[in-house]
Amino acid sequence: MAESPRTYGGVDGSARVAERRRALVEAGLDLLGTTEPELTVRGVCRRAGVASRYFYESFSDKNDLMQAVYDHVIGEITTTTLAAVGTAPDTEHDRVHAAVHTIVRLVAEDPRRGRLLFSATLSNDVLAAKRSESTQMFAGLLASQANEFYATDTIERLDLTTHFVVGGFAQVLTAWLGGELVLDEDAVVNWCTDLLLAAAPSQTRHSAGSTPAPHGHSAGSTPAPPGHSAGSTPAPPGHSAGSTPAPPGHSAGSTPARSGHSAGSTPA
């Protein structure tokens, strides 16, 4: 059994280990979040001001540190975003806007976060696995929030929609941070908010038992047959729409003669 770190200089050993770990994670983010990322054990220890021998009290290798750095950033974003949503007014728009604004602000104010999460130049097997894992996590979190807010039970559709939304939002941030989308922060937040709301269950589902209206018709209306206006009663064959069909033996629009008189004559 490994000995517990001893108290030194009045500081508990466990606290010193935790502080060294925090310094190594922050240094790892510095190195991974640059435009030319390179992570080595010596490099991260030198940046953290920690002797190399202390690296292994917290991490098995540099990949282990890389995972810890990624989890640290995702944890910050998740905690801060949930807090923002929890304090937003309880309306569909306000909650979605709070979530989008918080995420965009966090990656914009600290470019290291954006590069770690979205940069195409920073890619390896470890980060690919972590990005896939975080996508699953955010999709599940979004589904949970949507299910709570909309009380929907269409699980399959919700799962598909949340993966679509999370993947699309990530791609927007990737393009925006990479300079491919030349937009200011407010525009990114507002447009992404609108797109997420368009995909929300309240916008995509029909009321229970209702039949979706065909294109060009309002919900609940009966589509008119070809050649007739909506709501009109189709005329029988051989008659114009809206006319009263003549009895057998009479022309359309004529007044039928009484028995014993010819049509059109004046009864005696």
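Put simply, of R131, R157 the only residue that is closer than 22 Å to E92 by Cβ and of a type in the set (K, R) is R157.
Tallying residues that are part of a loop (DSSP other than H, G, I, E, B), among the aliphatic types (A, V, I, L, M), surrounded by 12 or more Cβ atoms within 10 Å (Cβ to Cβ) and modelled with pLDDT of 50 or more within the range 167-221 yields 4.
R131 satisfies every condition listed in (1) within 14 Å of the chain's Cα centre (by Cα); (2) open to solvent by less than 50 Å² (accessible area, probe 1.4 Å) except (1). If you go through the range 134-153 and keep only what is modelled with pLDDT under 85 and aromatic (F, W, Y), you end up with F149, Y150.
Checked across the range 97-105, the condition of being small (G, A, S) and within 30 Å of R46 (Cα to Cα) holds for no residue.
Selection of helices (runs of 4 or more DSSP H) fully inside the range 1-113 by the criterion of at least 1 residues being open to solvent by 70 Å² or more (accessible area, probe 1.4 Å), β-branched (V, I, T) and more than 23 Å from Q171 (Cβ to Cβ) returns 62-87.
The values are calculated or read from the model by the stated rules, or taken from the named source; none is laboratory data. What you are looking at is a predicted structure, and each value in this text was computed from that prediction instead of being measured. Quick reminder, even Gly has a Cβ in these numbers, built from the backbone with ideal geometry, and neighbours come from all protein chains shown. Quick note on the areas: whole protein, heavy atoms, side chains included, nothing else; ligands and nucleic acids left out. Shrake-Rupley method; radii C 1.70, N 1.55, O 1.52, S 1.80 Å.
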